[in-house]
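Shown next, in structure tokens, is the structure this report addresses.
The values are calculated or read from the model by the stated rules, or taken from the named source; none is laboratory data. Small disclaimer: the values here were computed from a predicted structure and weren't measured. In this analysis, Cβ positions are derived from the backbone assuming ideal geometry, glycine residues included, and neighbour counts consider all displayed protein chains.
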Amino acid sequence: MKLNISSLEHTSKWAAMDVKLPNFDIKVIKDNTQKTPEWIHFGAGNIFRGFVAKCHQQLLNEGLAQTGIIAVETFDFEVITKVFNPSENLALVVLMNSNGSFDKTVVASIVESMTSESKNIQRLSEIFEAPSLQIASFTITEKGYALKDFSGTYYPFVQVDLDRGPEHATHAMSVVTALLYKRYQKGAMPMTLLSMDNCANNGDKVKDAVITIADEWQKKGFVEKGFVEYVMNENKVSYPISMIDKITPRPSDSIKEALVENGLEDMEVIVTSKNTYMAPFVNAEVSEYLVIEDKFTNGRPKLEKAGVLFCDRATVNKVETMKVTTCLNPLHTALAVTGCLLGYELIADEVKNPTLKKLIETIGYVEGLPVVTDPIILSPKAFIDEVVHARFANPFIPDTPQRIATDTSQKVGIRFGETIKSYVENPSLDPTSLVGIPLAIASWCRYLMGIDDQGNTFELSSDPMIKTLKETIDTVKMGDDSADLSPILSNSKIFGLNLYEVGLGNKIETMFIRMLQGPGSVEKTLQAYFKL
């Protein structure tokens, strides 16, 4: 059986495969959306299909929404032609439980899909000119909002859009700004631009990009000043921030095989010419969090009925801070560098190792929770519990320490430095009492040698500072009984502070030297400090 609209009539066959089906009339919802569109989404990737669209399906199933989502792909047009079109916009979402069972659902809340190419601009304009439109949302990655390179110069493809004006826009943010101009011309109607990308202050990134493009177009005479005022007026166009957290890895071959064995056809994993991995199915972890600043100017779907949390801006920021400085990201980075050193290729295998489990429990519960930013709407302890005991331990989430070790120099300041700062600022806490965080930093320095705990060389994950870091690390050899890590540990650009000035630099060097003393010394050092 194939995944398409007509196959949904065979309810008994889907039931035999233990697949949940949509509980609404797809044609009616599609017709409603055609006439009165309310939600358009840019970036038709796996997190959108496996999380956002699945949330909206809950509303449709319960009669709490009467229109679906329109999906637009702005970067990789083959996603539409090779994935969305053959399955008529349906997605089979497979949630992977840690016991090996799957929860399978056909998601049909996406009722229209297209690319952002000029051939679709008429339909896109109709959607943005509709008074009913409430939201344009985004999962286009953080890079999708960037207009300038590191030197502050517009990327060439952005500069072309700025020079040619709204009628010839191609970049995602230029296309959206051009469509907002259509809406402005129809009466400056309100709407909300909602980023759901996994980056801090994501709404500000959309806002900055849209206002910058509008401003440049106004200077060149393509649009009037009133349009710039429209996109700057948050009573008209709002840009809420959000925090999203759900792992949706590349489609897994083992899940494809299980689905085919179940009787499904055409479940092939497609790799596009732009190296996007997609399939008719989306595999994802069960855990999911979406927290959104409740700032909408033309109404919104009742997504709180599907588990989405709405709150004020400060609370969204607190949830983000809780996640990235205490409850998830520091533990991830600690497992990444130690996992590479100890020869692991799966995060789930690492947490079976009592020593590594003790490391992340120490960083999270013992050292992190006393200074955690508590957002109230989520419990930090419950969040860590789920991370350690369910999310990281799930063998069906194929996440690797090598992937997470990418760009570590850009992450340690937030993931470890912020907690160290909190200890420095709190008179009742002593930063020199920390053990787990210094061990993680020492392990990162040891990782930078590119030699694992058995003495074998391995390839370092990419990092923009690798050349500078290696200049320091290359002065050290296995078996050395001294090491000067000061160029790294004193660098406040890396950690947000000088680790020697807060009493941790020498402690980390001592840990690092112990990790140089022959095969197995990394694991032995961790065990010694945790008295295992």
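Among residues of region 237-276 being of a type in the set (A, V, I, L, M) and out of contact with any Leu (no Cβ under 8 Å at 6 or more places or on another chain), the one that is surrounded by the fewest Cβ atoms within 10 Å (Cβ to Cβ) is VAL260. Taking every residue in region 137-156 that is free of Cβ contacts under 8 Å to residues at least 60 places away in the same chain and pairing it with any residue that is polar (S, T, N, Q) and surrounded by 16 or more Cβ atoms within 10 Å (Cβ to Cβ), at least 6 positions away or on another chain, the pairs with Cβ-Cβ distances below 9 Å are LYS148/THR212.
If you check SER238, SER287, SER254, which single one turns out to be at pLDDT below 95 and either among the small types (Gly, Ala, Ser) or in contact with a Ser or Thr (Cβ under 6 Å, 6 or more places away or on another chain) (or both)?
SER254
Sub-6 Å Cβ pairs linking a first residue in region 433-444 that is farther than 11 Å from LEU335 by Cα to a second residue that is of a type in the set (Asp, Glu) and at pLDDT 95 or above, at least 6 apart or interchain, are LEU434/GLU367; GLY436/GLU367; ILE437/GLU367, ordered by first then second residue.
Do we have VAL387 as under 25 Å from MET449 (Cα atoms) and buried (at least 21 other Cβ atoms within 10 Å of the Cβ) here? I'd like the intermediate steps shown before the answer.
Details: under 25 Å from MET449 (Cα atoms): no; buried (at least 21 other Cβ atoms within 10 Å of the Cβ): yes.
Spelling it out, it is not the case that VAL387 is under 25 Å from MET449 (Cα atoms) and buried (at least 21 other Cβ atoms within 10 Å of the Cβ).
Do we have LYS225 as modelled with pLDDT of 95 or more, over 29 Å from the mean Cα position of the chain (by Cα) and surrounded by fewer than 16 Cβ atoms within 10 Å (Cβ to Cβ) here? So LYS225 passes the test.
Residues being touching an Asp or Glu at 6+ places or on another chain (Cβ under 8 Å), assigned to a loop (DSSP other than H, G, I, E, B) and within 19 Å of HIS332 (Cβ to Cβ) are entirely absent from region 466-485. The requirement of being part of a helix (DSSP H, G or I), surrounded by fewer than 19 Cβ atoms within 10 Å (Cβ to Cβ), among the aliphatic types (A, V, I, L, M) and touching a residue at least 60 places away in the same chain (Cβ under 8 Å) is fulfilled nowhere in region 332-346; no residue meets it.
Being farther than 30 Å from PHE392 by Cβ and in the same structural domain as GLU88 (by TED's automatic domain parsing) is true for just one of PHE296, PHE281. Which residue is that?
Numbers: PHE281 fails: farther than 30 Å from PHE392 by Cβ.
Step by step, each of PHE296, PHE281 is checked, and only PHE296 is farther than 30 Å from PHE392 by Cβ and in the same structural domain as GLU88 (by TED's automatic domain parsing).
Screening ARG415 with (1) surrounded by 15 or more Cβ atoms within 10 Å (Cβ to Cβ); (2) more than 22 Å from LEU526 (Cα to Cα); (3) within 24 Å of the chain's Cα centre (by Cα) gives one miss only, at (2).
Could you tell me which residue of region 305-331 is surrounded by the fewest Cβ atoms within 10 Å (Cβ to Cβ), considering only residues that are touching a helix residue (DSSP H, G or I) at 6+ places or on another chain (Cβ under 9 Å) and of a type in the set (S, T, N, Q)? Here the residue is ASN329.
Identify, please: which residue in region 145-172 is of a type in the set (S, T, N, Q) and more than 16 Å from GLY43 (Cβ to Cβ) and is, among those, surrounded by the most Cβ atoms within 10 Å (Cβ to Cβ)? Selected residue: GLN159.
Listed by position, the helices (runs of 4 or more DSSP H) contained in region 176-294 that have at least 3 residues being acidic (Asp, Glu) and touching a residue at least 12 places away in the same chain (Cβ under 8 Å) are 202-219. When GLU142 is tested against (1) out of contact with any Cys (no Cβ under 8 Å at 6 or more places or on another chain); (2) surrounded by fewer than 23 Cβ atoms within 10 Å (Cβ to Cβ), exactly one condition is not met: (1).
All conditions in (1) buried (at least 20 other Cβ atoms within 10 Å of the Cβ); (2) in contact with a strand residue (DSSP E or B) (Cβ under 9 Å, 6 or more places away or on another chain) hold for LEU60, with the sole exception of (2). Which of the residues belonging to region 353-399 are without any contact (Cβ under 8 Å) to a residue 24 or more places away in the chain and outside any helix (DSSP H, G or I)? Hits for region 353-399 are ASN353, SER379. With the condition kept exactly as written, say whether any residue in region 310-331 is in a strand (DSSP E or B) and either within 18 Å of the chain's Cα centre (by Cα) or charged (D, E, K, R) (or both). No - not one qualifying residue is present in region 310-331. Pairing each residue of region 26-37 that is assigned by TED's automatic domain parsing to the domain that holds ALA53 with any residue that is surrounded by 18 or more Cβ atoms within 10 Å (Cβ to Cβ) and assigned to a helix (DSSP H, G or I), provided the two are 6+ apart or on different chains, yields C-beta distances under 7 Å for ILE29/LEU60; PRO37/ILE127. Going by the conditions given, is LYS27 of a type outside the set (Asp, Glu) and more than 27 Å from the chain's Cα centre (by Cα)? The answer is yes for LYS27.
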